[in-house]
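Shown next, in structure tokens, is the structure this report addresses.
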Amino acid sequence: MIDFDGMTKRFLLGESKTINTRAYLRALRDGFAKLRPSSQSQAVLIENMKTHLTAVTRDFTSLQEKVSMLEEKLSVLEENKKEE
């Protein structure tokens, strides 16, 4: 059985593993590439999943860029606050 209490405790205490989301997305893409559909409906489903994964990857990249920009702005504001 999964220890959700332990997982929650580690997460709240910051002891959880660092998640590399890019690696997860890459693994999903590789997994989809290895799938061999046995019917036309499965082929369509796999193509839809690949399309959705591409959109998620694009949105993730965009969000990472926004976070980086906001972190830079925050550091500038913190520096300005220290100078005053």
Checked pairs for segment 37-56, first of a type in the set (D, E, K, R), second surrounded by 13 or more Cβ atoms within 10 Å (Cβ to Cβ) and in a helix (DSSP H, G or I), C-beta under 7 Å and 6 or more apart or across chains, list as LYS50/PHE32
Flag for PHE4 being loosely packed, with under 12 Cβ neighbours inside 10 Å, more than 14 Å from the chain's Cα centre (by Cα) and among the aromatic types (Phe, Trp, Tyr): yes
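If you take the residues in segment 38-74 that are small (Gly, Ala, Ser), over 23 Å from THR21 (Cβ atoms) and assigned to a helix (DSSP H, G or I), which one is nearest to the chain's Cα centre (by Cα)? Walk me through how you get there before you give the answer.
Initially, segment 38-74 is screened for residues small (Gly, Ala, Ser), giving 38-39, 41, 43, 55, 62, 68.
Filter once more, keeping what is over 23 Å from THR21 (Cβ atoms): 38-39, 41, 43.
Cutting the leftovers down to assigned to a helix (DSSP H, G or I) gives us 41, 43.
Numbers: SER41: 28, ALA43: 25 Å.
Ranking the candidates gives ALA43 first.
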Scanning segment 9-25 for residues that are of a type in the set (Val, Ile, Thr) and farther than 12 Å from THR57 by Cβ, which turns out modelled with the highest pLDDT? ILE19
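Of these, MET69, MET49, which one is among the hydrophobic types (A, V, I, L, M, F, W, C) and out of contact with any helix residue (DSSP H, G or I) (no Cβ under 9 Å at 6 or more places or on another chain)?
Values: MET49 fails: out of contact with any helix residue (DSSP H, G or I) (no Cβ under 9 Å at 6 or more places or on another chain).
Testing whether each residue is among the hydrophobic types (A, V, I, L, M, F, W, C) and out of contact with any helix residue (DSSP H, G or I) (no Cβ under 9 Å at 6 or more places or on another chain) leaves just MET69.
The values are calculated or read from the model by the stated rules, or taken from the named source; none is laboratory data. Quick caveat: nothing in here was measured; it's all calculated off a predicted structure. For neighbour counting, all protein chains shown are included, and Cβ atoms are generated from backbone atoms with ideal geometry for every residue, glycine included.
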